[in-house]
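The next block holds one structure in the form of C-alpha cells; read it before the comments.
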Amino acid sequence: VGFSLRWLLLLQSTGSRHLWHMGLVAPRHVGSSWTRIRTHSFSNFTGSKDDRGTCQCSVILPDTTFPVERVERLEIIAQTISQKFEKEFSKVKEYVQLISVYEKKLSNLTVRIEIMEKDTISYTELDFELIKVEVKEMEKLIKQLKVGFVGSSVIVDQLEVEIRNMTLLVEKLETLDKNNVLAIRRQIVALKNKLKECEDSKVGNLPALPPPPAPGSCAHGGVVNISRPIVVQLNWRGFSYVYGAWGRDYSPQHPGKGLYWVAPLETDGRLLRYYRIYNTLDDLLLYTNARENWIKYGQGGGVVVYKNNMYVNWYNTRNIAKVNLTTATVALTKTLPDAAYDNRFSYANVGWQDIDLAVDENGLWVTYATEASTGNMVISKLNDTTLEVLNTWHTKQYKPSVTNTFMVCGVLYATRTLNTRTEEIFYYYDTSTGKEGKLNIVMQKVKEKLQSINYHPFEQKLFVYNDGYLLNYDLVFQQIPQ
C-alpha cells in the first residue's frame, strides 16, 4: 500500500505542551513491519493491517474541552479575596468613625486645658480625673489602631504623641493646682485670723451673716453676683452647631434628681431636630448612656425642660409644644396669644428666639414681644399642664437690644454684650412688685455669643450655651439679715 501524508498537530496537556511534526512517505514492506522515513521530524505509532491490506494506526488527540475546574478555583479565590477586603474595609470605616469621635474629644480637651492654663481659679480633683479618663480612652483607641493598621501609620503616631503630651500637661497642671490650693488655704487662714483680731478689738460684736438660701428657696434679695464660667464640654454634635440650649430638668417633687439634656440646633440656627438626654452629669461628661430623640418641628434655642416635659416653640408658628421625654411624643400644643414670631423680635446676636421659655422656683414662664408692645419684652406665667396663660406683665425694655434672659424667683434678668469676652446682667423686672431697674453684674464668657440661658432652682446655677460650648455659672444672692 503506497501513500504519502504530512500532519502538523499541536497537542496540549495539563502542565506541558508538545509540538508534533510528523511526516510519512511510501513505506517499504519488510516482513511484517513498516519502516517510516522522517522528512523533518517523526514519531512512531503502533499500527496494524486489516484484511484488505489497509494500514491503520491510532493517534490520541488532546482534550480541548473548556477548563471548568480552573475557572471554579479562580472563582473561589476571588470570593475569598473579596470577603477579606470587605472585612478589612469595615475595620477601616470603624476606625475612621472612632478617629472622628476622638478628634472632637481631643479638641474639647484642648480648649478646656487652655482655659485651665490661663485661669486663676482652682480646680477640684474631679475636674482632673474626668480629663484623665478621656485621655485614657484616646490612648486605648490609639493602641487599637496601631495593632489593626497595615501600612503607613504616620497619622496614628502623631496622634499618640499629642495624647502623650496632653497627659503630661494635665499632670503638670494638677501638680501646680495643688500647690495653688495650699497657698490659697494658707492665705485664707491668715485672713481669718486677722478678721478675728479685728472683730475682737471692737466693743460690740457684729451680727453673723445668715447662711446662703436653701436650694429651691427664694429667701434672698435677688442676684448680686455671678461666678466665672465653668466649661463643661463641647456639645455632642460638634463645633459647627453653635446654636442651641442645654440644662437640667427641674421638678419641685424631686428637685435634685433631674436628668440633663442637650439640644443643639441645626447649622441654620433655627431648626431643632435632635436632642440627647443623660441620667447623670457623669454620663454627659463621658458621652455614655445617652438617649437620643428626634423632634419634628422645634424652632429656636428658647427650650426648657420642666417635670420631665420639654417645652419648645413650634416651627413657623406662635405655638408652644409640650413634649413628653419618656415617650418622646408631643403631648400638647397651644398658641401664645399675640406673640410675635418668625424672627420678628428675637434677641440681639441670636435669631429665631422670639419665644423664650424659662423655669424657676415658681414654675414655667415665657418671655416674648408683641406688635402692641412695640417690641418691648412681655412676661407671662404659664400653666405647665394646659399651657394656658395665668398672668402677664409688660416691661419697658426693648427685646432686640437684649442678648438673653432668665428667671429667678419670679424676677426676670436680662443680659447684654460688653465685648467679645464679657456680658453684663444689666436689667431686672420683678413680677411680684412690678418694679424694674438697672443692674451692673459682669459675666465672663469663653466665646463671643450667648445662644441661651437656663436656670436650675435646686442647683442655683445657670446653664449657658455659648457658641456650641456648655457652660455653668454659680449665682450669688443678696442675703437677708435674720
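Points to keep in mind about this one:
- Residue count, segment 291-341 (criterion: over 21 Å from VAL359 (Cβ atoms) and charged (D, E, K, R)): 3
- When residues in segment 360-388 are screened for being in a strand (DSSP E or B) and surrounded by fewer than 15 Cβ atoms within 10 Å (Cβ to Cβ), 0 of them pass.
- ALA331 vs. criteria modelled with pLDDT of 95 or more, part of a strand (DSSP E or B) and either open to solvent by less than 20 Å² (accessible area, probe 1.4 Å) or touching an Asp or Glu at 6+ places or on another chain (Cβ under 9 Å) (or both): no
- Qualifying residue in segment 82-93 (condition: closer than 30 Å to GLY468 by Cβ and modelled with pLDDT of 75 or more): yes
- Hey, ASP200 at pLDDT below 95, open to solvent by 20 Å² or more (accessible area, probe 1.4 Å), acidic (Asp, Glu) and within 30 Å of LEU106 (Cα to Cα) or not: no
- ASN391 vs. criteria assigned to a loop (DSSP other than H, G, I, E, B) and open to solvent by 50 Å² or more (accessible area, probe 1.4 Å): no
- Per-region count, segment 413-425, residues farther than 27 Å from LEU272 by Cβ and buried (at least 20 other Cβ atoms within 10 Å of the Cβ): 0
- From ASP474, ASP430, residue being in contact with a strand residue (DSSP E or B) (Cβ under 7 Å, 6 or more places away or on another chain), among the charged types (D, E, K, R) and farther than 27 Å from ASN108 by Cα: ASP430
- Looking only at segment 440-482, and only at residues there that are of a type in the set (Ser, Thr, Tyr) and within 20 Å of the chain's Cα centre (by Cα), the one that is nearest to TYR428 (Cα to Cα): SER452
- Within segment 388-404, the set of residues being among the hydrophobic types (A, V, I, L, M, F, W, C) and closer than 14 Å to ALA339 by Cα comprises VAL389, TRP393.
- Any hit, segment 394-412, residues being hydrophobic (A, V, I, L, M, F, W, C), in a loop (DSSP other than H, G, I, E, B), open to solvent by 10 Å² or more (accessible area, probe 1.4 Å) and touching a strand residue (DSSP E or B) at 6+ places or on another chain (Cβ under 9 Å): yes
- Selection status of ASN440, in contact with a Leu (Cβ under 9 Å, 6 or more places away or on another chain), in a strand (DSSP E or B) and either open to solvent by 10 Å² or more (accessible area, probe 1.4 Å) or modelled with pLDDT under 95 (or both): no
- Residue list for segment 68-105, filter: within 30 Å of TRP236 (Cβ to Cβ), open to solvent by 100 Å² or more (accessible area, probe 1.4 Å) and not charged (D, E, K, R): GLN97
- Residues that are within 20 Å of LYS445 (Cα to Cα), modelled with pLDDT under 65 and open to solvent by 40 Å² or more (accessible area, probe 1.4 Å) within segment 106-126 comprise GLU117, LYS118, THR120, ILE121, SER122, TYR123, listed in sequence order.
- LYS449 open to solvent by 40 Å² or more (accessible area, probe 1.4 Å), free of Cβ contacts under 8 Å to residues at least 40 places away in the same chain and under 17 Å from LYS399 (Cα atoms): no
- Among the residues of segment 335-359, the one identified as outside any loop (DSSP other than H, G, I, E, B) and either open to solvent by 70 Å² or more (accessible area, probe 1.4 Å) or touching a His at 6+ places or on another chain (Cβ under 7 Å) (or both) is THR335.
- Residue check for TYR274: out of contact with any Pro (no Cβ under 9 Å at 6 or more places or on another chain) and either touching a residue at least 24 places away in the same chain (Cβ under 8 Å) or not in a strand (DSSP E or B) (or both): no
- Whichever residue in segment 291-328 is among the basic types (Lys, Arg) and assigned to a loop (DSSP other than H, G, I, E, B) and, among such residues, is surrounded by the most Cβ atoms within 10 Å (Cβ to Cβ): ARG318
- Residues in segment 225-264 that are open to solvent by less than 30 Å² (accessible area, probe 1.4 Å), part of a loop (DSSP other than H, G, I, E, B) and of a type outside the set (A, V, I, L, M): PRO229, ASN235, GLY238, ASP249, SER251, GLY258.
- Unique match (being more than 24 Å from ASP354 (Cα to Cα), loosely packed, with under 15 Cβ neighbours inside 10 Å and hydroxyl-bearing (Ser, Thr, Tyr)) among THR267, THR288: THR288
The values are calculated or read from the model by the stated rules, or taken from the named source; none is laboratory data. In this text, all values refer to a predicted model and were calculated from it rather than measured experimentally. Every residue, glycine among them, receives a Cβ derived from its backbone with ideal geometry; neighbour counts consider all protein chains shown. We work out accessible area using only protein heavy atoms, side chains counted, and drop any ligands, DNA or RNA first. Shrake-Rupley method; radii C 1.70, N 1.55, O 1.52, S 1.80 Å.
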